[in-house]
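Asker: Can you keep this structure in mind? I'll have questions shortly.
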Amino acid sequence: MLNPSRHLQAMIDAALAAGAGLMEDQKKLDTLEIRRKGPADPVSAADERAEKTLRTLLAAAEPTFGFLGEEGGLLAGSDPDHCWIVDPLDGTANFLHGTPLFGVNAALARGGDVIAGVIYLPALEEIYVAEKGKGAFCNGKRVQVSKRSNLSEAALACGIPFEGKPDHDLFMREMQLLTHRVGGIRRTGAASVDLAFTVAGRWDAYWERCTSAWDMAPGTILVAEAGGRFCHPSGDDWTIDGGAILATNGAVHDELLTVLKEAYASRG
């Protein structure tokens, strides 16, 4: 990407630093301190160290902005309009199982509107970046969403609710309506990976319910800048605090959204 703004460059540098630390921590899983925030919801010392790295570097770049992190919550800044939004380790369960499907999320929001985003997949050595109106890039090369327009040929990704999460019956209804109509459905266990892969055209769409701002924020601007579409799975406009996302290549958007709405309307 040519000439990123200083804010985007700060996010790139912070994500790379946090990712480097995660790669070192994944080498020491046997001794890594792990606790649980809830059922099937682990957090490790690696998550906390990565968030500290992000917070320190982003605060140094712009100390007036607020900071919203998965582990530390919201730290208000003197600038009420701007906020960094980060997930230091998206896909913690994958990370703790030694798999490469995890990422570092960083976004900058202005008045609730995401204006820049970074997804770094350190084990895959891929960094996705975007700023509003400037396109989406992976490792410096422009990327675009896929062009597949038929659900029967599409590869979709989703989040599957696990222990402690709601909407299990709704998910089963979605599968009932979709599996016989699509080319395939995947679940990686990390929103960062699924959104990045949608941006790169590896997936044609991704949806998940019961998500948080830090899961989704950088992916929204990346999808938009790569030529895709995103909204709430209800069809409403996506908002930072909306708790769910549907992100697509645009070509399968309306058809997939119709099915998701039908599943919601007919849930048990």
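The values are calculated or read from the model by the stated rules, or taken from the named source; none is laboratory data. Everything numeric here is computed off the predicted structure, so don't read it as measured data. Don't worry about glycine lacking a Cβ; one is built from the backbone with ideal geometry, like all the others, and counts go over all protein chains shown. Ligands, DNA and RNA are stripped out before the accessible areas are found, and what is left, the full protein with its side chains, is counted by its heavy atoms. Shrake-Rupley method; radii C 1.70, N 1.55, O 1.52, S 1.80 Å.
Asker: I need the per residue convex hull volume for segment 106-184, using only the alpha carbons, in cubic angstrom as a whole number. Kindly include the intermediate steps, with their values, before the conclusion.
Answerer: On the way: hull volume 13.8 nm³, N = 79.
Once divided by residue count, the hull of segment 106-184 is 175 Å³.
Asker: OK, next. Can you tell which of ASP215, ASP204, ASP167 shows the greatest fluctuation in a Gaussian network model of the chain with Cα springs below 10 Å?
Answerer: ASP167
Asker: Okay, next question. Taking N as the number of residues in segment 195-268, what is its alpha-carbon radius of gyration divided by 2.2 N^0.38 Å? Present the calculation step by step, with values, prior to reporting the outcome.
Answerer: Working: Rg = 11.6 Å, N = 74, 2.2 N^0.38 = 11.3 Å.
After normalising by residue count via 2.2 N^0.38 Å, the value is 1.03.
Asker: Once every DSSP H run of n ≥ 4 in the chain is given -39500 (n - 2.57) and the sum is divided by its residues, what mean residue ellipticity at 222 nm do you get, rounded to the nearest 500 deg cm²/dmol? Could the numbers behind the result be given before it?
Answerer: On the way: 7 runs with 89 residues, N = 268.
Estimated from H runs of four or more residues: -10500 deg cm²/dmol.
Asker: Out of the DSSP beta bridges found with both residues in segment 116-209, what percent are antiparallel (nearest 5)? Walk me through the numbers before you get to the answer.
Answerer: Details: 11 of 17 bridges.
Within segment 116-209, antiparallel bridges account for around 65 percent of the total.
Asker: Turning to a different aspect of this structure: So how strong a dipole does the chain carry about its Cα centre when Lys and Arg Cβ are +1 and Asp and Glu Cβ are -1, to the nearest 20 debye? Mind dumping the intermediate values first?
Answerer: On the way: 26 positive and 36 negative charges, 111 e Å.
Roughly 540 debye, rounded to the nearest 20.
Asker: Okay, moving on. Quick one: length gained pulling THR64 to LYS28 fully straight, 0.36 nm per residue minus the C-alpha distance? Present the calculation step by step, with values, prior to reporting the outcome.
Answerer: On the way: separation 36, 0.36 × 36 = 12.96 nm, distance 3.55 nm.
That pair, THR64 and LYS28, stretches by 9.4 nm at full extension.
Asker: Follow-up. Cα extents of segment 87-220 along the three principal axes, largest first, in whole Å?
Answerer: The Cα atoms of segment 87-220 stretch 38, 35, 34 Å along the principal axes, largest first.
Asker: Using unit Cβ charges (K, R positive; D, E negative) and no other charged atoms, how large, in debye to the nearest 20, is the dipole of segment 105-152 about its Cα centre? Don't skip to the answer; put the middle values down first.
Answerer: Working: 7 positive and 4 negative charges, 55 e Å.
For segment 105-152, the charge dipole is close to 260 debye.
Asker: Extending each Cα 7 Å along its Cβ direction at SER234 and GLN9, get the distance between those two points in nm, one decimal.
Answerer: Inter-label distance under the simple model: 4.2 nm.
Asker: Okay, moving on. Can you give the accessible area per residue of segment 203-253, in Å², using a 1.4 Å probe? List each step's numbers first, then the result.
Answerer: Values: 1470 Å² over 51 residues.
Accessible surface, normalised per residue, equals 29 Å².
Asker: Calculate the spin-label point distance for ARG35 paired with GLU262, positioning each point 7 Å from the Cα along the beta-carbon direction, and give it in nanometres.
Answerer: 4.7
Asker: Compute the accessible area per residue over segment 127-180, keeping the other protein chains in place, probe 1.4 Å, unit Å².
Answerer: Working: 2990 Å² over 54 residues.
For segment 127-180, the solvent-accessible area averages 55 Å² per residue.
Asker: Looking at the chain, what % of its DSSP beta bridges pair antiparallel, to the nearest 5? Intermediate results must be reported in sequence, preceding the final value.
Answerer: Working: 40 of 50 bridges.
In the chain, approximately 80 percent of DSSP beta bridges are antiparallel ones.
Asker: In nm, what is the difference between 0.36 nm times the number of residues separating ASP167 and ASP113 and their Cα-Cα distance?
Answerer: Values: separation 54, 0.36 × 54 = 19.44 nm, distance 2.75 nm.
Result for the pair: 16.7 nm of gain on full extension.
Asker: For segment 1-146, divide the Cα radius of gyration by the Kirkwood radius and give the resulting Rg/Rh value with two decimals. Write out the running numbers ahead of the final one.
Answerer: Values: Rg = 15.1 Å, Rh = 15.6 Å.
Radius of gyration over Kirkwood radius for segment 1-146 works out to 0.97.
Asker: To continue, here is another question. With all protein chains present, how much of the accessible area of the chain (probe radius 1.4 Å) comes from carbon and sulfur, to the nearest whole percent? Numbers along the way, then the final one.
Answerer: Details: 5830 of 11740 Å².
Carbon and sulfur atoms account for 50 percent of the accessible area of the chain.
Asker: Calculate the all-directions average of the projected area of the chain's alpha-carbon convex hull, and give it in nm².
Answerer: On the way: hull surface 52.6 nm².
If I average the Cα hull's projected area over directions, I get 13.2 nm².
Asker: Further question on the same structure: What number do you get for segment 89-146 when its Cα radius of gyration is normalised by 2.2 N^0.38 Å, N = residues?
Answerer: Numbers: Rg = 13.0 Å, N = 58, 2.2 N^0.38 = 10.3 Å.
Working it through for segment 89-146, the quotient is 1.26.
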